[in-house]
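The values are calculated or read from the model by the stated rules, or taken from the named source; none is laboratory data. All figures in this text were calculated on a predicted structure; none of them were measured in a lab. Cβ atoms come from the backbone with ideal geometry, glycine included; neighbour counts cover every protein chain shown.
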Amino acid sequence: MDRLFIDENDEIKCVTSVFTIFFEDPFWVGILEENCNGINYMGKHIFGGEPSNSELLQFYIYEFENMNKFKIGETDIVTKRMNYKKSMNKSKKAQNKTGVGTKSQNLYKIAFEKTMNIKKKERKIDAIINKEEKYIKKLGKKIEKKKGH
């Protein structure tokens, strides 16, 4: 999320922040990474149980600005202002890459995909074997017809 604000010296500052929520056994944790004019800050918030949308909204409204942030370094990276729709699409892609859900749900999804790939390969092999068996059966019938009785 990009925000522009004016400080006491009438300088426009750009703040880019990324808030990531993940499961770190046994709690849900939110990490804020913020870049303010090339200076990186980081903050951490522990939610406890899995936060619902309403809890996240309350956190954003009441506690987000007051979160303790620590300076972690400076960068020479220049941040560009991004279109709202473009930033939304980028965040959706980032969510789809990591997978939304609990840690166990993500592990289950990966295991399920592996088993489906194995089954797919087995079905292909079975289809090839069945094709060969049908061909051999067809040849046998053809030979029987030619023999006569």
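Points to keep in mind about this one:
- Criterion: on the phi < 0 side of the Ramachandran plot, in contact with a Lys or Arg (Cβ under 6 Å, 6 or more places away or on another chain) and touching a residue at least 12 places away in the same chain (Cβ under 8 Å) - qualifying residue of Gly43, Gly49, Gly30: Gly43
- Where a residue in the stretch 84-103 is surrounded by 10 or more Cβ atoms within 10 Å (Cβ to Cβ) and at pLDDT 85 or above and its partner, wherever it lies, is polar (S, T, N, Q) and part of a helix (DSSP H, G or I), with Cβ under 7 Å and at least six apart: none
- Yes/no for Ile77 being of a type in the set (Val, Ile, Thr) and at pLDDT below 85: yes
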